[in-house]
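The values are calculated or read from the model by the stated rules, or taken from the named source; none is laboratory data. From a predicted model like this one, the values you see are computed outputs, not experimental measurements. Using ideal geometry, Cβ is built from the backbone for each residue, glycine included, and neighbour counts are taken over all protein chains shown. Just so you know, the surface numbers come from the protein's heavy atoms only, side chains and all, with ligands and any DNA or RNA stripped out. Shrake-Rupley method; radii C 1.70, N 1.55, O 1.52, S 1.80 Å.
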Protein chains: 4
Amino acid sequence: MTSKQKIGVGLIGSGFMGKTHALGFATASRVFDLPYDVDLAVLADVTAPAAARAAQALGFRRSTGDWRDLLDDPEIQIIDITTPNTLHREMALAAIAAGKHVYCEKPLAPTSADAWEMTKAAEAAGLMTQVGFNYLKNPMLGLAKRLIADGEIGEIRTFRGIHAEDFMADARVPWAWRLDPSGGGGALADIGSHILATARYLVGPVIELMADIATPIAARPVSQGATETRAVEVDDVARLFLRFENGATGSLEANWIATGRKMQHDFEVYGSKGAIVFTQERFNELGVYFTDDKTGLRGFRTIFAGPEHEPYGAFCVASGHQIGFNDLKAIEVRDFLVAVAGGEKLGPDFAEGAEIQSLVELAYRSAREKRWVSTKST
Amino acid sequence: MTSKQKIGVGLIGSGFMGKTHALGFATASRVFDLPYDVDLAVLADVTAPAAARAAQALGFRRSTGDWRDLLDDPEIQIIDITTPNTLHREMALAAIAAGKHVYCEKPLAPTSADAWEMTKAAEAAGLMTQVGFNYLKNPMLGLAKRLIADGEIGEIRTFRGIHAEDFMADARVPWAWRLDPSGGGGALADIGSHILATARYLVGPVIELMADIATPIAARPVSQGATETRAVEVDDVARLFLRFENGATGSLEANWIATGRKMQHDFEVYGSKGAIVFTQERFNELGVYFTDDKTGLRGFRTIFAGPEHEPYGAFCVASGHQIGFNDLKAIEVRDFLVAVAGGEKLGPDFAEGAEIQSLVELAYRSAREKRWVSTKST
Amino acid sequence: MTSKQKIGVGLIGSGFMGKTHALGFATASRVFDLPYDVDLAVLADVTAPAAARAAQALGFRRSTGDWRDLLDDPEIQIIDITTPNTLHREMALAAIAAGKHVYCEKPLAPTSADAWEMTKAAEAAGLMTQVGFNYLKNPMLGLAKRLIADGEIGEIRTFRGIHAEDFMADARVPWAWRLDPSGGGGALADIGSHILATARYLVGPVIELMADIATPIAARPVSQGATETRAVEVDDVARLFLRFENGATGSLEANWIATGRKMQHDFEVYGSKGAIVFTQERFNELGVYFTDDKTGLRGFRTIFAGPEHEPYGAFCVASGHQIGFNDLKAIEVRDFLVAVAGGEKLGPDFAEGAEIQSLVELAYRSAREKRWVSTKST
Amino acid sequence: MTSKQKIGVGLIGSGFMGKTHALGFATASRVFDLPYDVDLAVLADVTAPAAARAAQALGFRRSTGDWRDLLDDPEIQIIDITTPNTLHREMALAAIAAGKHVYCEKPLAPTSADAWEMTKAAEAAGLMTQVGFNYLKNPMLGLAKRLIADGEIGEIRTFRGIHAEDFMADARVPWAWRLDPSGGGGALADIGSHILATARYLVGPVIELMADIATPIAARPVSQGATETRAVEVDDVARLFLRFENGATGSLEANWIATGRKMQHDFEVYGSKGAIVFTQERFNELGVYFTDDKTGLRGFRTIFAGPEHEPYGAFCVASGHQIGFNDLKAIEVRDFLVAVAGGEKLGPDFAEGAEIQSLVELAYRSAREKRWVSTKST
């Protein structure tokens, strides 16, 4: 029997993302041969009772109503932050100062300045970091990246990306923290950051962009059902033109009022020898086209995720079974633990999270100033 | 803090299904407010070292190389059987005799006689049982069933079902236990039982059927790469005509040589007021058609699983995220524990598993005798 | 300028199919380099005024209220029959007796005896015939046939076919000629004959079959809105098991009460090296899977009809434009004229139409007698 | 028998579009009850023999090698121009001067100045015009427009449009007239004008735009197979941000190097009460989502074109049969003849063609100057 080193996790937050992270650790421990024996040590939440309830429900040994308790805890090597992004900076910097590796939900911080500060602190301390862009952990995105990297679809020429949902489409959805400009923005910062991450993952760094934003729902009820309204200052929809370092050009849209769309995290990558298309609404599939298929027999192939697309096989023995959203978090956990253990750094780490945050800010500046902006100029 | 009663689980087997069950318990504990505090007590496997390794990997406290050790274990109230189906009868009967509730993978047993014996033993002992037809646990199948039960698509007239995969399509796949007639049959028994379960779940009991079977790959290598071959005596493909108790008629196909198909567990149900279509390859979706939609605006709706389709919301906060294959097992675990706790019996229990096994046998008899057979006549 | 021989057409009937045939001739003349200069000479309908109106609308030079006028007309070499199928025999035999080539809508005749009589008469007279199974004229069906014939998907093992629509799904649709048993049957005879034709076209002759039929809507209003009803004696749904001469097995369903289905003329052909799938609802596409695609990159390709799929290019210069239903008739016209001119006989001719009619009858006998029947035994 | 007034057509050009127009007239005459008896009088082409051959093939009575012959021809009331767009202005102005109604292929002219000159000439002469944006004639686009106009999907908020094909994706495709800047531009002018027309048709006038263009294939062989290359000065891909008069915002892409795409003329329109999605690759379908469908049953409906979507029923009696690309031209012909006869003017006429051309030019200016431009400022 292998006797692995134990690694202790302190989780901050137990909302949707806190629960997802807890599931991620629980599942990763069972499906992967991780480099560590994971100890779900402590769960911190805003009050001691809430933390206690969550710890029991999510399988943590101990709990606390004060996240700072995690900092000095010798049983904890990883601090996992799933709180609102306005709190990320303070928590991450404290965790780093305490010598903990940090796993943090996206977006990394409301401002790129914060994000880069966090990044530099972690780098200076030699600690590992991970940002929760879990869509990148999809085996089919791995396949897409590999096909592109291997030149299987040739030179990349154009990219089209979307992240559209409809959770804000009803004008009666009241004003809430998501709409607070201090959070770093609206649809682009919140969900557009996902497709920026995907664009970067597949096509590489963006060097120049032009953006346009709009807020069709200009005011919302101050609370559910209220007649009084409050002006919305952030974007409902954002559109970007992109120029990539590798010469490709593209576009991207973030939209949280796209009525009927549930998870339209879609991309299309066109190369000189083929193309790749994808929608997150069917994320166990990838569409691929090759120009070197025989004449008369060319067409987009619908490839279902299977054991040949690592690490799908850790979850299911055969194609067609499908992994779920929470499984993507388990892969993210695995990748982070591998990095912590000194293995391959698959990221995205804080530096990449900060890069994305810089792009978000740059896009807002471009929209405001109605002009193209360069990533060099910032 | 609620203090729930503890329930101990003894798992037999740690292959694909054993791992899936272990994940099912781990996830169910985290996403649901279960009636019990689940204790993953003991994992049994064929050898003590194998069991120990699996116990550590899958989060069980103890392990054993002898499944009979579970029988007298006072910390165990549930015995979970994930071994090949030729072993189910002995293990289940012993578990029942020991007063344990039994959770057993499908198919329940190679013969319906065995399956009914197991069923009667459990009923006599007043113990709860569960058979692992986990596709039935899909929230979208729940939606389909509810629509049918509520008359939303009217009187059910015709049904079409398929379970097709291609894992046996390559004639070089060698002879193996799946092909042993003592296992109860070929494609129909193995994977066709899934679609029989779905047909029964949605449309109700079958009262008469006619079957045809074929074995296009009549012989296979005795082992991987061998030139010597062994005759295949079980079906590669089976087709059934069905008559249901409620007057509907239908058909069904089981096929494990359907090249290119990964999980074509598909059904189409046509009613007087609408229709429902589904494919397991995209199991977070359901297609529904209503005749009372406005003229010119009728069409199949693609409905994505969401929080309004219980218990999807326990896994993901919003539509479009998608649950995975392993999550279906977590729902199955939840349903079983609810039944054990005296709550609603959502099944399928051993009686339903035995009914399905009876249909499988009846179908083979029909194919052999080339005639219609009735479930009453058996 | 080429000076082609003129060929005169006499069309009987100007309903949906009459109009479609007229369009077929008009379009074929413009898109193909036909072997003849087509002269739309005379249109015959039940009354002289109706015929005159239709002739003007559809571009025929002359008209008549008596189809027998066509028989002696020296300007007519082809008689095109688009009347109800109970009239086909008399008209076709008269046309043949008059030395005319005959183009006849499907189904060829209500009974196979009639169909074979018509076939033999034409053969004896050395005249060309064509039956209007125009779905076979789809370039994508040609591609499917070619892939099968060339062994591209290997040995054909299993077939699944459907022809389902919903035009009879509403129980208020009144009793009408379609339901008259003298017409040769219900859903199977009417629309199932299409999928029988497709099965034969792709997989080859059927040698044995077993059928089941059902009539969920047992009675219908005697007329629109009437409360008085009349019993329905023909099938709303028919299901067949098939054994083909080449060793493949399959199944097939005809269903005209499949709520929501508009043209589910679908097939799936599974071979040892690949598979082909198709739906008539998207008939400019073919799905093809090859096992010799690279591991991890296998999937059904969606191939759009294009100029490389003869004769699509005669209609549109590029893939993605799409041909329509009426264009299939233009291809049928072309093929018939090529045969008349002594070129390749692409069929289906009367012999093939009669074969299909024989299968329909055999299926009804099988359903009635609840047993397998062989095509040899008839 | 109705005795309709005769209307004579003079067609210039017999390439792909000439043939399509000829088919359009031939089919329209047969499927519609047109206001005129169409006389395909004269076909003009670059040489007399070519014109004679085409006239015979396409069913025109006479032919000429000089298009100016049409101008004085008293039998001609409509001049139909299907030549390259650099010739449109001269021909259209001459036709208008001769008092003929003009039907002209898109794009209307290489420059908006030309297009407006043509428009004003026709308006001054009181003649009817039609531009061949035939995708707008699709019954499903009519349905989309009606749903939007009737408020069925609420206030329109965002639009996304694409017209992508891959006929220029291979870098070996040689330099040709399409790439000549004097033709008015590249992908945007050629195929992007289609999606601009669709955007305008559905959402209304554009008042402001920002564009970006790129030419990944910077040089092409001077001729097929040549090693010598010539620089490409026009766009392979163009992207636009759009602001509509009604307050909606949107984006659009034109791309003729989108490997694998055959006719991705796609749009998505999001409103406050629903959404509409479409792809020209399946143009007999429309996807529609309504927020007022019941909770748990919301999803995009796939609506197939049917007789309830005028004028589909003129071509096919039932849904699922499908009209083809050439049928769209027949609808365009019908609409034009109705306008000529003094009926409803469904357009698009020259004014609308000129508006689209203005947008194309504006987009190129925006891309060149890297700034937003307004339609008012031009």
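Filter region A:314-334 down to residues that are surrounded by fewer than 22 Cβ atoms within 10 Å (Cβ to Cβ) and either in contact with a helix residue (DSSP H, G or I) (Cβ under 8 Å, 6 or more places away or on another chain) or among the β-branched types (Val, Ile, Thr) (or both) and give me whichever is farthest from A:Ile303 (Cα to Cα). Before the answer, list the steps.
Pass one, region A:314-334, residues surrounded by fewer than 22 Cβ atoms within 10 Å (Cβ to Cβ): A:314, A:317-318.
From the residues that got through so far, the ones that are either in contact with a helix residue (DSSP H, G or I) (Cβ under 8 Å, 6 or more places away or on another chain) or among the β-branched types (Val, Ile, Thr) (or both) too are A:314, A:317.
Numbers: A:Ala314: 18, A:Val317: 16 Å.
It comes out as A:Ala314.
Just wondering, is there one or more residues in region A:185-192 that are in the same structural domain as A:Ile356 (by TED's automatic domain parsing) and surrounded by fewer than 17 Cβ atoms within 10 Å (Cβ to Cβ)? Explain how you work it out, then say what you get.
Taking region A:185-192 and keeping what is in the same structural domain as A:Ile356 (by TED's automatic domain parsing), we get A:185-192.
When the remaining residues are screened for being surrounded by fewer than 17 Cβ atoms within 10 Å (Cβ to Cβ), the result is none.
Looking through region A:185-192, none of the residues is in the same structural domain as A:Ile356 (by TED's automatic domain parsing) and surrounded by fewer than 17 Cβ atoms within 10 Å (Cβ to Cβ).
Determine which member of the set C:Gly260, C:Gly271, C:Gly250 is more than 25 Å from the chain's Cα centre (by Cα) and of a type outside the set (Ser, Thr, Tyr).
None of the other options fit; the residue is C:Gly271.
Quick one: count up the residues across region B:64-78 that are hydrophobic (A, V, I, L, M, F, W, C) and either part of a strand (DSSP E or B) or open to solvent by 10 Å² or more (accessible area, probe 1.4 Å) (or both).
Start the filter on region B:64-78 by keeping residues that are hydrophobic (A, V, I, L, M, F, W, C), which leaves B:67, B:70-71, B:76, B:78.
If we keep only those that are either part of a strand (DSSP E or B) or open to solvent by 10 Å² or more (accessible area, probe 1.4 Å) (or both) too, we end up with B:67, B:71, B:78.
Total meeting the criteria: 3.
Would you confirm whether any residue within region C:80-92 is touching a strand residue (DSSP E or B) at 6+ places or on another chain (Cβ under 9 Å), acidic (Asp, Glu) and surrounded by fewer than 17 Cβ atoms within 10 Å (Cβ to Cβ)?
Within region C:80-92, none of the residues are touching a strand residue (DSSP E or B) at 6+ places or on another chain (Cβ under 9 Å), acidic (Asp, Glu) and surrounded by fewer than 17 Cβ atoms within 10 Å (Cβ to Cβ).
Within region D:115-150, how many residues are open to solvent by less than 20 Å² (accessible area, probe 1.4 Å), assigned by TED's automatic domain parsing to the domain that holds D:His21 and farther than 20 Å from D:Leu328 by Cα?
4
In this structure, does C:Ala57 turn out to be under 24 Å from D:Ala330 (Cα atoms) and either within 8 Å of another protein chain (Cβ to nearest Cβ) or at pLDDT below 95 (or both)?
Numbers: under 24 Å from D:Ala330 (Cα atoms): yes; either within 8 Å of another protein chain (Cβ to nearest Cβ) or at pLDDT below 95 (or both): yes.
Against the criterion (under 24 Å from D:Ala330 (Cα atoms) and either within 8 Å of another protein chain (Cβ to nearest Cβ) or at pLDDT below 95 (or both)), C:Ala57 qualifies.
Could you please find all residues in region D:297-313 being open to solvent by 10 Å² or more (accessible area, probe 1.4 Å), closer than 30 Å to B:Pro307 by Cα and part of a loop (DSSP other than H, G, I, E, B)?
D:Leu297, D:Arg298 - these are the residues of region D:297-313 that are open to solvent by 10 Å² or more (accessible area, probe 1.4 Å), closer than 30 Å to B:Pro307 by Cα and part of a loop (DSSP other than H, G, I, E, B).
Before we move on, is A:Glu285 within 14 Å of chain B (Cβ to nearest Cβ) and open to solvent by 10 Å² or more (accessible area, probe 1.4 Å)?
For A:Glu285, the condition - within 14 Å of chain B (Cβ to nearest Cβ) and open to solvent by 10 Å² or more (accessible area, probe 1.4 Å) - is met.
Look at region B:70-109 and say how many of its residues are farther than 18 Å from B:Ala41 by Cβ, without any contact (Cβ under 8 Å) to a residue 40 or more places away in the chain and among the acidic types (Asp, Glu).
Count: 1.
Quick check: anything in region C:165-181 under 24 Å from C:Lys370 (Cβ atoms) and within 8 Å of another protein chain (Cβ to nearest Cβ)? Step through it out loud before you land on a result.
As a first pass, look at region C:165-181 and keep what is under 24 Å from C:Lys370 (Cβ atoms): C:179, C:181.
Now narrow it down to the ones that are within 8 Å of another protein chain (Cβ to nearest Cβ): none.
Checked region C:165-181: no residue is under 24 Å from C:Lys370 (Cβ atoms) and within 8 Å of another protein chain (Cβ to nearest Cβ).
Of the conditions (1) out of contact with any Asp or Glu (no Cβ under 7 Å at 6 or more places or on another chain); (2) open to solvent by 20 Å² or more (accessible area, probe 1.4 Å); (3) on the phi < 0 side of the Ramachandran plot, A:Ile207 satisfies every one except a single condition; which number is it?
(1)
Quick check, is D:Gly343 over 25 Å from C:Ile323 (Cβ atoms), of a type outside the set (Lys, Arg) and more than 7 Å from every other protein chain (Cβ to nearest Cβ)?
Working: over 25 Å from C:Ile323 (Cβ atoms): yes; of a type outside the set (Lys, Arg): yes; more than 7 Å from every other protein chain (Cβ to nearest Cβ): yes.
Spelling it out, D:Gly343 is indeed over 25 Å from C:Ile323 (Cβ atoms), of a type outside the set (Lys, Arg) and more than 7 Å from every other protein chain (Cβ to nearest Cβ).
Output the residues belonging to region A:293-317 that are out of contact with any Asp or Glu (no Cβ under 7 Å at 6 or more places or on another chain) and either more than 23 Å from C:Val277 (Cβ to Cβ) or at pLDDT below 95 (or both).
Of everything in region A:293-317, those that are out of contact with any Asp or Glu (no Cβ under 7 Å at 6 or more places or on another chain) and either more than 23 Å from C:Val277 (Cβ to Cβ) or at pLDDT below 95 (or both) turn out to be A:Pro307, A:Glu310, A:Pro311, A:Tyr312, A:Gly313, A:Ala314, A:Cys316, A:Val317.
Pairs under 7 Å by beta carbon, first residue facing another protein chain (nearest Cβ under 9 Å) in region A:25-39, partner surrounded by 22 or more Cβ atoms within 10 Å (Cβ to Cβ) and acidic (Asp, Glu), six or more apart or different chains?
Pairs that qualify, where the first residue is facing another protein chain (nearest Cβ under 9 Å) and the partner is surrounded by 22 or more Cβ atoms within 10 Å (Cβ to Cβ) and acidic (Asp, Glu), are A:Thr27/A:Asp327.
For B:Thr259, only one of the following conditions fails: (1) open to solvent by 20 Å² or more (accessible area, probe 1.4 Å); (2) within 14 Å of chain A (Cβ to nearest Cβ). What is its number?
Just one mismatch for B:Thr259, condition (1).
Would you mention how many residues in region D:226-242 are without any contact (Cβ under 8 Å) to a residue 40 or more places away in the chain and surrounded by fewer than 20 Cβ atoms within 10 Å (Cβ to Cβ)?
3
Let's see how each residue does on (1) more than 21 Å from D:Glu105 (Cα to Cα); (2) within 23 Å of the chain's Cα centre (by Cα):
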position	(1), (2)
D:Phe25	no, yes
D:Val31	yes, yes
D:Asp39	no, no
D:Val42	no, no
D:Ala51	no, no
D:Leu58	no, yes
D:Arg62	yes, no
D:Pro84	no, yes
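I need a count of the residues in region A:42-63 that are surrounded by fewer than 22 Cβ atoms within 10 Å (Cβ to Cβ) and assigned to a strand (DSSP E or B).
Residues flagged as surrounded by fewer than 22 Cβ atoms within 10 Å (Cβ to Cβ) and assigned to a strand (DSSP E or B) within region A:42-63 amount to 1.
Confirm whether D:Ile7 is open to solvent by less than 10 Å² (accessible area, probe 1.4 Å), away from every other protein chain (no Cβ under 11 Å), touching a residue at least 60 places away in the same chain (Cβ under 8 Å) and under 20 Å from the mean Cα position of the chain (by Cα).
Numbers: open to solvent by less than 10 Å² (accessible area, probe 1.4 Å): yes; away from every other protein chain (no Cβ under 11 Å): yes; touching a residue at least 60 places away in the same chain (Cβ under 8 Å): yes; under 20 Å from the mean Cα position of the chain (by Cα): no.
Criteria not met by D:Ile7.
Here are C:Gly10, C:Gly15, C:Gly99: which of them is assigned by TED's automatic domain parsing to the domain that holds C:Ala124 and closer than 25 Å to C:Ala197 by Cα? Don't jump to the end; show me each part of the working.
Working: C:Gly10 fails: closer than 25 Å to C:Ala197 by Cα; C:Gly99 fails: closer than 25 Å to C:Ala197 by Cα.
Within the list C:Gly10, C:Gly15, C:Gly99, the selection yields C:Gly15.
Hey, does region C:351-368 have a residue that's open to solvent by less than 10 Å² (accessible area, probe 1.4 Å), touching a residue at least 40 places away in the same chain (Cβ under 8 Å) and assigned to a loop (DSSP other than H, G, I, E, B)?
Checked region C:351-368: no residue is open to solvent by less than 10 Å² (accessible area, probe 1.4 Å), touching a residue at least 40 places away in the same chain (Cβ under 8 Å) and assigned to a loop (DSSP other than H, G, I, E, B).
Can you find, within region B:262-277, the residue that is nearest to C:Asp236 (Cα to Cα) among those that are open to solvent by 10 Å² or more (accessible area, probe 1.4 Å) and in contact with a Ser or Thr (Cβ under 6 Å, 6 or more places away or on another chain)? Write out each step before concluding.
We begin by selecting, within region B:262-277, every residue open to solvent by 10 Å² or more (accessible area, probe 1.4 Å); these are B:262, B:266, B:268, B:272-273, B:277.
Filter again for in contact with a Ser or Thr (Cβ under 6 Å, 6 or more places away or on another chain), leaving B:262, B:266, B:273.
Details: B:Lys262: 32, B:Asp266: 22, B:Lys273: 16 Å.
Across region B:262-277, the extreme among qualifying residues is B:Lys273.
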